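Notes for the one structure printed next.
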Number of protein chains: 2
Amino acid sequence: MADVRPNLSSDHHSVTTGPISGSRKVHHTTESGLKVPFRRIELSNGEHLDVYDTSGAYTDDDVQVDVHSGLHRLRAGWTDGREHRTQLGWAKAGVVTREMEFIAAREGVSPEFVRDEVASGRAVIPANRCHPESEPMIIGKNFLVKVNANIGNSAVTSSVEEEVEKMVWATRWGADTVMDLSTGKRIHETREQILRNSPVPIGTVPIYQALEKVNGDPEKLTWEIYRDTVIEQCEQGVDYMTVHAGVLLRYVPLTAQRVTGIVSRGGSIMAAWCLAHHRESFLYTHFSELCEILRDYDVTFSLGDGLRPGSIADANDRAQFAELETLGELTHIARDMDVQVMIEGPGHVPMHKIVENVKLEEELCGEAPFYTLGPLTTDIAPAYDHITSGIGAAVIAQAGTAMLCYVTPKEHLGLPNRDDVKVGVITYKIAAHAADLAKGHPRAQDWDDALSKARFEFRWNDQFNLSLDPDTARAYHDETLPAEPAKTAHFCSMCGPKFCSMKITQDVRKYAEERGLTSVEAIEAGMREKSDEFSESGGKVYLPVVG
Amino acid sequence: MADVRPNLSSDHHSVTTGPISGSRKVHHTTESGLKVPFRRIELSNGEHLDVYDTSGAYTDDDVQVDVHSGLHRLRAGWTDGREHRTQLGWAKAGVVTREMEFIAAREGVSPEFVRDEVASGRAVIPANRCHPESEPMIIGKNFLVKVNANIGNSAVTSSVEEEVEKMVWATRWGADTVMDLSTGKRIHETREQILRNSPVPIGTVPIYQALEKVNGDPEKLTWEIYRDTVIEQCEQGVDYMTVHAGVLLRYVPLTAQRVTGIVSRGGSIMAAWCLAHHRESFLYTHFSELCEILRDYDVTFSLGDGLRPGSIADANDRAQFAELETLGELTHIARDMDVQVMIEGPGHVPMHKIVENVKLEEELCGEAPFYTLGPLTTDIAPAYDHITSGIGAAVIAQAGTAMLCYVTPKEHLGLPNRDDVKVGVITYKIAAHAADLAKGHPRAQDWDDALSKARFEFRWNDQFNLSLDPDTARAYHDETLPAEPAKTAHFCSMCGPKFCSMKITQDVRKYAEERGLTSVEAIEAGMREKSDEFSESGGKVYLPVVG
């Protein structure tokens, strides 16, 4: 089997390249000739499974990467003749764009379905015309659930090269979008490097950079400084931006009684500004100008939940839902201007309060794609918040959330390193896929069935290669049974060679075939006979005792 | 702050002892003088939180442990005068036993409530009178959700000492019961060591040892060999036993069409026996004799789901639910004989099919406590099945499952080591607690609130000590900000010193207090004014644009 070791050179200017172990890149060609990438997992029985691939050119066989020249500009030229229309604008006009055609092939649906979901606002295609390196993808509840990975340095740690590698690493393991949340030095250069090398849409929170420009003093922020920062980021190619325009002056006191107040950085910046000036947020009062800017580049709004709960105690409170109402108001303004919108959601929410968040968001925001952070379903497990939130992420995605923002094991404790990023992404791919299965996505279960079949037939290497993380699955198996023969052995270390449940199960099939019990109907006919026989024998054995 | 390092000596005869970092053992005394252990987490603000403690004497300050002499026999003498009654028998007779009194204090409910739940069969107290070392605990949907950890060696790996340490280690991190699933050599000695040193109930699957006695050939099994094995284990003090008495000959062919056939070891052993002899399972035909044996020791049945699905594809199929129907039949037989019963559940189930399992189990088995393995919500992530199943565990526990059998990262790949056991237990404590919150357990949220308050007030050490795994939380924090001063700093590495959302939030409270906005009513009155003002100013700013 293929076992390509990724290049993990620690040279600061290199990134991880090479196919994922046991997979190779293939392309499906659309009617008009667009080449859509998939990751092909070749199986030892001659079959194969093609799965959705977010990793870009970095996992091609013959990849030559130079982070300084950046990726191939896939979408260069695609935008000709629509400088002044967004994907939403074209969809409303009934036009199927190349992005929609590409996405249809990726998701296994018709281009017209993609167009209609975008036109309705139920789905967004974050694709800034200044970010031609990105491969088109869609975020909406009627498509595969997506996962975002946050990266970014802060004043106290990490370098530009590290952040680019984190982006490549996150998309290698399945991140559908990446947010650069840098707050420290060199924000512009870091973002430039990430954008030029990213095969997925990049999101940002412009207020962070604006705050750097006023030396971290929220009071000194102005609409002009913010607007210029947004334009700077639009020009660079940022695909979606978090805007906390729903934090209104009159909502701020609602957080005073909370256990954890305001925990969103953007939310607290705007709250601080509103209080200092005792005026309404400039993000709200200048919202329509913001729409005009984003429309020119087809940048998608990610309306931020600046008043999201920071603890179980604060979940679903008046501050949170008051802001959501305002986000709904802003959603309709943006849409009317052909600007795409998604809505950010919590945070920290106990399981029984999760579904209400989705229902309210859909009702207030016209089914705009919901994009949630977790939510964490308990606060008592720092160092395991990828898991406390992975549970909430699966539940909220099943209820209709379109994209999940990952949480790493370092949440609340520190900045994630490379390993934390991988664990966070894999955990969230699990939550997203569990929801795809629950929502009955047409092709989701094929993957589970392929792996289960491999497991049942003791095709160990197929089982490893079909897993979300082949390297770790193989390593864990080898800890107890390292020998290569063990990978074809008809037993595993759980039961040992002498006895294995799956081995015994083979006899059941033989038994059923010998008796012609090859359909459920035939089996149940057989069962009825048996149970008649039985009621005159063993079936009564214990009756005297209890009777 | 207390920072007691556990004894991790690798001496084969030692086990991990000493308090969990930042905690110490305290005892609450009941009316009749029983001393009930709790783990007290002392906080830097003078407050403290007492949490449920499963770890036994191993976490006492002044513990002296000798695994060869075993633990103090806490319950010695408690059973006087009721040799011939089980907890269920006494409960039906309206008697509150010492075990019930002890449990009431542990769970924070009345002894009568405990008695009534046991009498109804909705809860069980697994407490073999031959296992006096165990601290009484209860399993039922109206109590805290419990977690079981599986340990045990197989023919290919691990030693007796390792298994005892795994039990101590699992209970240290919160396992409420432990199952010894040894299938290899020295089953009896391994179990003896575990029982004499275990503060929690121990479960087994007697068919595994019976199979060893016939050299692993299922055909050679007989009722007599099985019965003698069960008596041997009852005498040793096993508290509950998995019995796959629902695998009937006529159900076996129903698994022939499955993707993964029969994956339960016990289930496949009995299926193999039924097929080889073309006779009904001796576990079923001799069930009433089995009830008489278990009743004599007050051993609890854990009726096994031998036909549970082994993949997403096989979930909720006819084989699984046919067996569940038979388990319901057997539940009522056992209860009529005063034998306590719980029911084992799947396995592998997609999220949208989970709740049906609980509803059916409660209906068919008279609300007997449901005890489920996960379930895994997808098959595509071997090496992360603690997470794929942690999601399912939280969902099924919220729906009413009383105890969750943990899954470790090594599931499907190998046997768990010490670290895997810890990760599995912590993951399942998260799932159980998330469900306790969702079910509104009276004291569950106190823990979340205490940690969130510590987080908001930058009491870093309190935050670490209140977490399920203080050592790992502290270590992750120290990776980015190792200095001791950082643990009192009013910022963290996520935002850096220059700016912090929680710092800004302090100003919000000042603002609200200055304006007398100290109640939600006052705040909303203030909001109405503001919004009136606002509609004549900023509120209209964007209207001309969209109008």
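Of the listed requirements (1) open to solvent by less than 10 Å² (accessible area, probe 1.4 Å); (2) under 21 Å from A:Ala256 (Cβ atoms), A:Leu330 misses just one: (2). Residue pairs whose Cβ atoms lie under 7 Å apart, sitting 6 or more positions apart in sequence or on different chains, and linking a residue in the stretch A:273-297 that is under 30 Å from A:Arg75 (Cβ atoms) and among the aromatic types (Phe, Trp, Tyr) to a partner that is part of a helix (DSSP H, G or I) and open to solvent by less than 20 Å² (accessible area, probe 1.4 Å), are A:Phe287/A:Leu330; A:Phe287/A:Ile333; A:Tyr297/A:Cys234. The combined condition, being surrounded by fewer than 24 Cβ atoms within 10 Å (Cβ to Cβ), touching a helix residue (DSSP H, G or I) at 6+ places or on another chain (Cβ under 9 Å) and farther than 29 Å from A:Ala432 by Cα, is fulfilled by A:Glu219.
Restricting A:Ala450, A:Ala438, A:Ala432, A:Ala473 to those that are within 29 Å of A:Gly392 (Cβ to Cβ) and more than 9 Å from chain B (Cβ to nearest Cβ) reduces the list to A:Ala432.
Only one of the numbered conditions (1) open to solvent by less than 20 Å² (accessible area, probe 1.4 Å); (2) part of a helix (DSSP H, G or I) is violated by B:Arg115, and that is (1).
Might you let me know whether the stretch B:134-152 holds any residue that is more than 14 Å from chain A (Cβ to nearest Cβ), surrounded by fewer than 21 Cβ atoms within 10 Å (Cβ to Cβ) and not in a helix (DSSP H, G or I)? Can you show your working first?
Quick first cut of the stretch B:134-152, residues more than 14 Å from chain A (Cβ to nearest Cβ) only: B:134-143, B:146, B:148-149.
Narrowing further to those that are surrounded by fewer than 21 Cβ atoms within 10 Å (Cβ to Cβ): B:142.
Next cut, not in a helix (DSSP H, G or I) only: B:142.
Taking every residue of the stretch B:134-152 in turn, at least one turns out to be more than 14 Å from chain A (Cβ to nearest Cβ), surrounded by fewer than 21 Cβ atoms within 10 Å (Cβ to Cβ) and not in a helix (DSSP H, G or I).
Residues that are open to solvent by 10 Å² or more (accessible area, probe 1.4 Å) and over 29 Å from the mean Cα position of the chain (by Cα): does the stretch A:225-248 have at least one? Among the residues of the stretch A:225-248, at least one is open to solvent by 10 Å² or more (accessible area, probe 1.4 Å) and over 29 Å from the mean Cα position of the chain (by Cα), which makes the answer yes. Among the residues of the stretch A:17-72, those identified as touching a Leu at 6+ places or on another chain (Cβ under 9 Å) and assigned to a loop (DSSP other than H, G, I, E, B) are A:Gly22, A:Leu43, A:Val65, A:Gly70.
Being crowded, with 19+ Cβ neighbours inside 10 Å, touching a residue at least 12 places away in the same chain (Cβ under 8 Å) and farther than 28 Å from A:Arg509 by Cβ is a description that applies to B:Arg335. Within the stretch A:124-140, residues that are under 16 Å from A:Thr204 (Cα atoms) and modelled with pLDDT of 95 or more have Cβ atoms under 6 Å from residues that are open to solvent by less than 10 Å² (accessible area, probe 1.4 Å) and in a strand (DSSP E or B) in these pairs: A:Pro126/A:Tyr240; A:Pro126/A:Thr300, counting only partners at least 6 apart in sequence or on another chain. Determine whether the stretch B:480-492 contains at least one residue that is assigned to a helix (DSSP H, G or I), among the charged types (D, E, K, R), at pLDDT 70 or above and touching a helix residue (DSSP H, G or I) at 6+ places or on another chain (Cβ under 8 Å). Checked the stretch B:480-492: no residue is assigned to a helix (DSSP H, G or I), among the charged types (D, E, K, R), at pLDDT 70 or above and touching a helix residue (DSSP H, G or I) at 6+ places or on another chain (Cβ under 8 Å). In this structure, B:Ala210 qualifies as more than 7 Å from chain A (Cβ to nearest Cβ), aliphatic (A, V, I, L, M), within 32 Å of the chain's Cα centre (by Cα) and open to solvent by less than 20 Å² (accessible area, probe 1.4 Å).
Residues that are assigned to a strand (DSSP E or B) and in contact with a His (Cβ under 6 Å, 6 or more places away or on another chain): does the stretch B:366-377 have at least one?
Restricting attention to the stretch B:366-377, the residues satisfying the condition of being assigned to a strand (DSSP E or B) are B:370-373, B:376.
Still in the list and also in contact with a His (Cβ under 6 Å, 6 or more places away or on another chain): B:376.
Yes, the stretch B:366-377 contains a residue that is assigned to a strand (DSSP E or B) and in contact with a His (Cβ under 6 Å, 6 or more places away or on another chain).
Residue count for the stretch A:275-327, restricted to those that are touching a strand residue (DSSP E or B) at 6+ places or on another chain (Cβ under 7 Å) and small (Gly, Ala, Ser): 5. Residue under question is B:Ala272, and the condition is that it be modelled with pLDDT under 95 and either within 22 Å of A:Gly516 (Cβ to Cβ) or within 10 Å of chain A (Cβ to nearest Cβ) (or both); does it hold? It is true that B:Ala272 is modelled with pLDDT under 95 and either within 22 Å of A:Gly516 (Cβ to Cβ) or within 10 Å of chain A (Cβ to nearest Cβ) (or both).
Selection of the stretch B:508-523 for residues being at pLDDT below 75 and aliphatic (A, V, I, L, M) yields B:Leu517, B:Val520, B:Ala522, B:Ile523. Among the residues of the stretch B:153-173, the one identified as at pLDDT 95 or above and either among the hydroxyl-bearing types (Ser, Thr, Tyr) or open to solvent by 20 Å² or more (accessible area, probe 1.4 Å) (or both) is B:Thr171. Can A:His277 be described as over 29 Å from the mean Cα position of the chain (by Cα) and within 15 Å of A:Pro218 (Cα to Cα)? Yes: the conditions hold for A:His277. In the stretch A:370-392, the count of residues that are more than 9 Å from chain B (Cβ to nearest Cβ), open to solvent by 20 Å² or more (accessible area, probe 1.4 Å) and among the aliphatic types (A, V, I, L, M) is one or more.
Of the residues making up the stretch A:100-121, those that are among the acidic types (Asp, Glu) and closer than 14 Å to A:Met137 by Cβ are A:Glu101, A:Glu107, A:Glu117.
On the stretch given as the stretch A:56-96, residues that are hydroxyl-bearing (Ser, Thr, Tyr) and modelled with pLDDT under 95 total 2. B:His277 satisfies every condition listed in (1) at the interface with another protein chain (Cβ under 9 Å from one of its Cβ atoms); (2) surrounded by fewer than 24 Cβ atoms within 10 Å (Cβ to Cβ) except (1).
This table checks each residue for (1) in contact (Cβ under 8 Å) with a residue 24 or more places away in the chain; (2) within 23 Å of A:Phe143 (Cβ to Cβ); (3) open to solvent by less than 50 Å² (accessible area, probe 1.4 Å); (4) of a type outside the set (Gly, Ala, Ser).
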position	(1), (2), (3), (4)
A:His48	no, no, no, yes
A:Asp53	yes, yes, yes, yes
A:Ala57	yes, no, yes, no
A:Thr79	yes, yes, yes, yes
A:Gly89	yes, yes, yes, no
A:Lys92	yes, yes, no, yes
A:Arg98	yes, yes, no, yes
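Going by the structure shown, is B:Gly310 assigned by the TED database to the domain that holds B:Asn215 and part of a loop (DSSP other than H, G, I, E, B)? The answer is yes for B:Gly310. Against the numbered list (1) surrounded by fewer than 24 Cβ atoms within 10 Å (Cβ to Cβ); (2) within 7 Å of chain A (Cβ to nearest Cβ), B:Asn461 comes up short only at (2).
Picking from residues in the stretch B:417-429 that are more than 9 Å from chain A (Cβ to nearest Cβ) and in contact with a strand residue (DSSP E or B) (Cβ under 9 Å, 6 or more places away or on another chain), the one that is surrounded by the most Cβ atoms within 10 Å (Cβ to Cβ) is B:Tyr428.
The values are calculated or read from the model by the stated rules, or taken from the named source; none is laboratory data. Given the structure is predicted, the values throughout are model-derived calculations rather than measurements. Counting neighbours? That spans all protein chains shown, and the Cβs are built from the backbone with ideal geometry, glycine included. Note: accessible area is taken over every heavy atom of the protein model, side chains too, but ligands, DNA and RNA are not part of it. Shrake-Rupley method; radii C 1.70, N 1.55, O 1.52, S 1.80 Å.
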